[in-house]
Structure formats: C-alpha cells, structure tokens
1. Report yes if some residue within the stretch 54-63 is at pLDDT below 85, buried (at least 18 other Cβ atoms within 10 Å of the Cβ) and under 19 Å from the mean Cα position of the chain (by Cα); otherwise report no.
2. Being hydroxyl-bearing (Ser, Thr, Tyr), within 18 Å of MET95 (Cα to Cα) and touching a Ser or Thr at 6+ places or on another chain (Cβ under 7 Å), is that true of even one residue in the stretch 206-228?
3. Considering each of THR163, THR203, THR220 in turn, give the residue that is assigned by TED's automatic domain parsing to the domain that holds ALA97 and either farther than 25 Å from PRO37 by Cβ or among the acidic types (Asp, Glu) (or both).
4. Hand me the list of helices (runs of 4 or more DSSP H) wholly inside the stretch 87-170 holding 2 or more residues that are small (Gly, Ala, Ser) and under 26 Å from SER41 (Cβ atoms).
5. Which ones in the stretch 79-95 are of a type in the set (A, V, I, L, M, F, W, C) and in contact (Cβ under 8 Å) with a residue 24 or more places away in the chain?
6. Being closer than 16 Å to PHE81 by Cβ and among the charged types (D, E, K, R) is true for just one of GLU202, GLU196. Which residue is that?
7. From the list MET170, MET183, which one is in contact with a helix residue (DSSP H, G or I) (Cβ under 9 Å, 6 or more places away or on another chain), under 13 Å from VAL210 (Cβ atoms), assigned by TED's automatic domain parsing to the domain that holds ASN124 and not charged (D, E, K, R)?
8. Among the residues of the stretch 39-46, is any surrounded by 14 or more Cβ atoms within 10 Å (Cβ to Cβ), touching a Gly at 6+ places or on another chain (Cβ under 9 Å) and either touching a residue at least 12 places away in the same chain (Cβ under 8 Å) or not assigned by TED's automatic domain parsing to the domain that holds GLY166 (or both)?
Amino acid sequence: MTTGTVVVTAISIVLTVGVYAASLRVRARFPSPLLGPVILSAPVLMVIVTLTPIHVAGYAHAAKIITWFLGPATVALAVPFYRNRHVLITNVVPMVAGLVGGTLVAMAGAILAGRALGMTSAINGALSLKTATAPVAVAVAPRVGAEPTLVAGMVVLYALIVTFLGPRLMTACRIRGPVARGMAMGGIGSGQGVAEALTEGETTGAAAAVSMVLAALLVTVIAPPALHLLT
C-alpha cells in the first residue's frame with residue numbers, strides 16, 4: 001500500500017473505534033435496543049465516509065482489518081460459555097430442542113411467506129439464511145442461489161428487528177430464564193442478538209453464543225434442501 005493508503009486506513013480505523021466507543025456511551029446513558037452500537041455507528045460512519053476524502057474505496061482497507069478481528073471476538077465468547085458451562089450442560093436437552101424447533105420454524109416461515117408474496121428465488125434464498133450469522137450466511141448464499149450482498153443486508157436487518165422486539169416479547173410472555181432468553185436471542189438474532197443478550201447477564205450471553213453457533217450450523221445444512229422442498 002502507498003503512504004496515502006496507509007494514512008487513510010489508519011484514520012478510518014481510529015474513526016471506527018471512536019464512533020463505536022461513543023455509541024457505547026450513548027447506549028449506557030440511554031438504555032434502548034434502538035441505540036445499539038450497530039444502529040448508531042453504521043449511519044454515522046456512512047456519513048463520514050461519504051462526505052470526507054476517505055470514500056468507500058479508502059475505507060475498504062480498514063474494513064478488511066476490522067473484519068479480521070471478528071475471529072478473535074467470536075473465540076472470546078468461549079469465556080462466558082466456560083464460566084457458565086454447568087448451567088448450560090444441565091439444560092442441554094431443552095436447549096437443543098428449542099434451537100432445532102425455532103430454527104426450522106423461522107426458516108420455513110420465511111420461505112413460505114416469500115413464496116406467498118411471489119418473491120424471486122434469490123430473495124427466498126436470502127430469507128432462508130436470515131437467522132444465520134452474517135459470515136456463514138454469506139458463505140452459504142451461492143448454494144441457495146442468493147446474492148451475498150443481499151443476504152448480508154437481510155441478516156443485519158433481521159437481527160436489528162430481533163434485537164429490538166425480542167426482549168420485549170419475551171418479557172411480555174413472562175419468559176425470564178436467562179438460558180431461554182439467551183437461546184432465543186442468539187438463535188435468531190445472530191451476533192447482534194448475542195451482544196444484546198450479554199447486556200442482560202453473562203449466563204444469558206453464554207446461552208446466546210452457543211445458540212448462534214449451533215443455529216449457523218443448522219442453517220448451513222438445512223437451508224438448501226428446505227428451500228428446494230418449500231419452493
């Protein structure tokens with residue numbers, strides 16, 4: 001990379017970290033799913049990148065570096081899992097049953113809704129992957145005839161909806177158990193669901209992390225045949 005590219009990349013990374021840190025402070029001051037880091041940070045960064053000489057091409061290098069840290073961040077989720085392993089192991093049967101059932105219902109419901117509305121096969125394919133975490137969904141997208149960019153956007157949008165409505169719906173239904181709440185948030189809300197679950201406690205976050213990983217594996221295996229069967 002040229003010196004100019006290195007400078008732009010460094011500035012982009014600093015801006016991203018700064019905006020994210022500011023969004024965390026806002027969320028701490030005004031607790032609400034609508035003020036989550038993703039919801040706040042993304043629009044601010046888009047405005048900055050658009051209105052400054054950074055531009056999308058310049059920010060792309062920083063995005064690659066930042067994305068690399070998703071790996072270590074995901075591995076770090078093993079810490080709350082290890083600390084709460086006894087609780088999770090004790091509830092393994094209902095956890096697996098709920099995860100499999102919830103994933104199947106969410107996937108089938110999305111595919112059938114898309115079919116009823118006359119959606120194209122590409123959109124139906126994207127709908128079938130909406131509950132998987134974005135990196136997995138993007139990787140599986142070609143197998144279901146979906147555009148990776150569309151899939152990524154749909155996963156993020158769906159996760160935002162789940163993050164906002166999920167805790168409220170579970171509270172309204174008197175679902176208070178940390179394992180149950182975590183499994184629901186992680187299984188259908190992917191990474192954002194895990195982040196929201198962690199705000200409720202370490203046990204909830206650990207259950208959400210397990211649910212996110214297992215749901216991604218299930219979607220990878222089930223999505224192609226389910227799409228073929230239901231469309």
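The values are calculated or read from the model by the stated rules, or taken from the named source; none is laboratory data. These numbers come from a predicted model, not from an experiment. FYI the Cβ positions are ideal-geometry reconstructions off the backbone, even for glycines, and counts take in every protein chain you see.
1. No, the stretch 54-63 contains no residue that is at pLDDT below 85, buried (at least 18 other Cβ atoms within 10 Å of the Cβ) and under 19 Å from the mean Cα position of the chain (by Cα).
2. No, the stretch 206-228 has no match at all.
3. THR220 is the lone residue from the list that is assigned by TED's automatic domain parsing to the domain that holds ALA97 and either farther than 25 Å from PRO37 by Cβ or among the acidic types (Asp, Glu) (or both).
4. Helices (runs of 4 or more DSSP H) meeting the threshold: 134-140.
5. Of everything in the stretch 79-95, those that are of a type in the set (A, V, I, L, M, F, W, C) and in contact (Cβ under 8 Å) with a residue 24 or more places away in the chain turn out to be PHE81, VAL87, LEU88, MET95.
6. Residue meeting the stated conditions: GLU202.
7. Residue meeting the stated conditions: MET183.
8. No.
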